[in-house]
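Trainee: Below you will find the structure I want to go over with you.
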Amino acid sequence: MHAALEEAKEAGGRDEVPVGAVLVCIKTGEIAMRASNRSIEMSDPSAHAEMLAIRNLCSELGQQRIPEYDLFVTLEPCTMCAGAISFARIRRVVFGASDPKGGALAHGAKFFELPTCHHRPEVSSGILADECGDRLRAFFRSKR
């Protein structure tokens, strides 16, 4: 999660919402891909940290499914990202800060609980939640 926080810090430095994500290989324990939000930079509403990490690793590996990877992300994924996580068959999702307004794992749609969800990864939450949440709160406080 510390690596995901580093990515979040970089996103905030680019004036993007400070969310970071890393994909970790379960066989080696090594970070295989890092990403942070780039929606503004890329003029792409789908350029969330999770989406970019998944796209980039799948492209690098030449495969659409990555079940041997765990995703660590600083903020509870939204519905769009939850869909990508499911379709990519990611083994486990670990998120830091909860997102009662836009999150879709523990809040809102609770995507992985839907009967139409084909793959339900293991989910853990609250890892470095205070640090992840503080980064987001400071970013939005600076915008007001």
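Trainee: Select from Pro77, Leu136, Ser59 the residue farthest towards the positive end of the dipole of the range 2-144; place +1 on Cβ of Lys and Arg, -1 on Cβ of Asp and Glu, and compute about the Cα centre.
Mentor: Checking the options against the dipole of the range 2-144, the answer is Pro77.
Trainee: Counting only other residues whose beta carbon sits under 11 Å from that of Ala32, what net charge do I get with K and R as +1, D and E as -1?
Mentor: So the environment of Ala32 carries a net charge of -2.
Trainee: Right, something else. About its Cα centre, what dipole magnitude does the range 28-144 give when the only charges are +1 on Lys and Arg Cβ and -1 on Asp and Glu Cβ, stated in debye to the nearest 20?
Mentor: For this selection, approximately 320 debye.
Trainee: Ok, one more. With a 1.4 Å probe and all protein chains kept in place, how much accessible area does Met1 have, in Å² rounded to the nearest 10?
Mentor: Rounded to the nearest 10, that gives 30 Å².
Trainee: Normalised by the number of residues in the chain, what is the relative contact order in percent for Cα pairs under 8 Å and 6+ residues apart?
Mentor: 20 percent
Trainee: So, with a 1.4 angstrom probe, what is the percent of accessible area on the range 1-107 that is carbon and sulfur?
Mentor: Exposed carbon and sulfur together represent 52 percent of the surface.
Trainee: Related question: List the residues of the range 115-144 whose backbone N lies under 13 Å from a point placed 7 Å from the Cα of Ile31 along the Cα-to-Cβ direction.
Mentor: none
Trainee: Can I ask one more? Determine the per residue accessible area of the range 26-144 with all protein chains present and a 1.4 angstrom probe, expressed in square angstrom.
Mentor: That works out to 54 Å² per residue.
Trainee: If I ignore ligands, DNA and RNA and count only protein heavy atoms, how much of Phe140 is accessible to a 1.4 Å probe, in Å² to the nearest 10?
Mentor: Looks like 80 Å² after rounding.
Trainee: Could you order Leu61, Leu52 by accessible surface area, starting with the largest, using a probe radius of 1.4 Å?
Mentor: Leu61, Leu52
Trainee: If Lys9, Lys101, Lys27 are ordered by their accessible area, calculated over protein heavy atoms with a 1.4 Å probe, which sequence runs from highest to lowest?
Mentor: The ranking, largest first, comes out as Lys101, Lys27, Lys9.
Trainee: Taking 0.36 nm per residue of sequence separation and subtracting the Cα-Cα distance, how much length would be gained by fully extending the chain between Glu131 and Arg144, in nm to one decimal?
Mentor: Working it through step by step, the gained length comes to 2.6 nm.
Trainee: Here's a follow-up. Keeping every protein chain in place, order Asp130, Asp15, Asp70, Asp99 by accessible area at 1.4 Å, biggest value first, i.e. largest first.
Mentor: Asp130, Asp15, Asp99, Asp70
Trainee: Another question, if that's okay. Reported to two decimal places, what Rg/Rh ratio describes the chain when computed on Cα atoms with Rh from the Kirkwood expression?
Mentor: 0.94
The values are calculated or read from the model by the stated rules, or taken from the named source; none is laboratory data. Bear in mind that the values here come from a model prediction, so they are computed numbers and not experimental data. A quick note on method: Cβ atoms are made from the backbone with ideal geometry, for glycine too, and the neighbour counts reach across all protein chains shown. Areas reflect the complete protein model, heavy atoms only, side chains present, ligands, DNA and RNA absent. Shrake-Rupley method; radii C 1.70, N 1.55, O 1.52, S 1.80 Å.
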